[in-house]
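Colleague: Please see the structure below; I have some questions.
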Amino acid sequence: MPMSNYSGSNLLFLRCSTLDVGRSVFVAACVSLLAGCGGPKYVSVEGTVTLTDKPLTYKSVMFTPEEGTPGSGAGGYTNGEGKYSLLAIVYGITEDLEGIQPGRYRVTISESLIPLSEADFGPLETPDEAPEAILVETLENVAPSVTIPAAYTDKDTSPLVVDVSESGEVALDIKLKSNPEYRVWP
């Protein structure tokens with residue numbers, strides 16, 4: 001119908017009803033977004049790493065996602081008792097995110113790039129201390145205490161594969177053997 005057939009009141013009704021429909025669609029979209037909001041789920045994972053039943057101290061722990069597992073994995077370090085907890089690897093975030101997304105992961109254990117000691121797991125004694133001074137002191141005074149079998153240090157040969165479920169916190173002790181079976185994964 002041509003516009004000239006609408007009276008002023010009908011035209012006003014048409015404009016208002018179009019705005020109402022637009023608002024309703026917008027409100028419905030916002031409500032559905034909020035209902036499904038929250039992003040991916042992260043599960044807290046912690047445990048102890050041992051080599052021949054002795055705690056493996058100050059080592060790097062990496063969980064690399066297997067095919068079909070979302071996310072970029074997680075990592076952490078063992079402390080003086082061999083205990084670790086994972087922090088998610090999420091590009092672009094500025095704060096630590098505890099845990100890992102549920103799924104299947106290949107686990108590797110290796111020497112940390114910067115040798116660690118118990119002092120690295122607590123607050124600095126003096127907040128003004130320069131990071132360069134800490135690094136030099138650590139590198140000069142700490143040597144690797146235990147050699148990790150090579151099979152555990154590479155994601156292509158590590159025999160450690162774990163499934164992280166969605167059900168709350170996961171306690172996952174990692175028990176390494178001094179002579180692991182090498183396994184090359186496709």
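The values are calculated or read from the model by the stated rules, or taken from the named source; none is laboratory data. This one's a predicted model, so the numbers in the text were calculated from it and none came from an experiment. Virtual Cβ from ideal backbone geometry, glycine too; neighbours counted across all protein chains shown.
Residue-by-condition table, conditions (1) touching a helix residue (DSSP H, G or I) at 6+ places or on another chain (Cβ under 9 Å); (2) farther than 15 Å from Ser112 by Cα; (3) at pLDDT below 95:
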position: Thr48; (1), (2), (3): no, yes, no
position: Tyr58; (1), (2), (3): yes, no, yes
position: Glu66; (1), (2), (3): no, yes, no
position: Pro70; (1), (2), (3): no, yes, yes
position: Ala74; (1), (2), (3): no, no, no
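Colleague: Just for the range 101-122: of the residues that are β-branched (Val, Ile, Thr) and modelled with pLDDT of 95 or more, which one is nearest to the chain's Cα centre (by Cα)? Show your work before the answer.
Modeller: Filtering the range 101-122 down to residues β-branched (Val, Ile, Thr) leaves 107-109, 114.
Narrowing further to those that are modelled with pLDDT of 95 or more: 107-109.
Details: Val107: 13, Thr108: 15, Ile109: 16 Å.
It comes out as Val107.
Colleague: Right, another one. Taking the range 129-186 on its own, how many of its residues are of a type outside the set (Gly, Ala, Ser), in contact with a helix residue (DSSP H, G or I) (Cβ under 8 Å, 6 or more places away or on another chain) and at pLDDT 85 or above?
Modeller: Of the residues in that region, 4 qualify.
Colleague: Which of the residues that make up the range 157-175 are surrounded by 14 or more Cβ atoms within 10 Å (Cβ to Cβ), in contact with a Pro (Cβ under 7 Å, 6 or more places away or on another chain) and under 17 Å from Ser85 (Cα atoms)? Give the steps one after another, and end with the answer.
Modeller: Here is the first cut: in the range 157-175, the residues surrounded by 14 or more Cβ atoms within 10 Å (Cβ to Cβ) are 157-160, 162, 164, 170, 172, 174.
Within this subset, residues satisfying the condition of being in contact with a Pro (Cβ under 7 Å, 6 or more places away or on another chain) are 159, 164.
Once the filter is applied, which keeps residues that are surrounded by 14 or more Cβ atoms within 10 Å (Cβ to Cβ), in contact with a Pro (Cβ under 7 Å, 6 or more places away or on another chain) and under 17 Å from Ser85 (Cα atoms), the range 157-175 yields only Val164.
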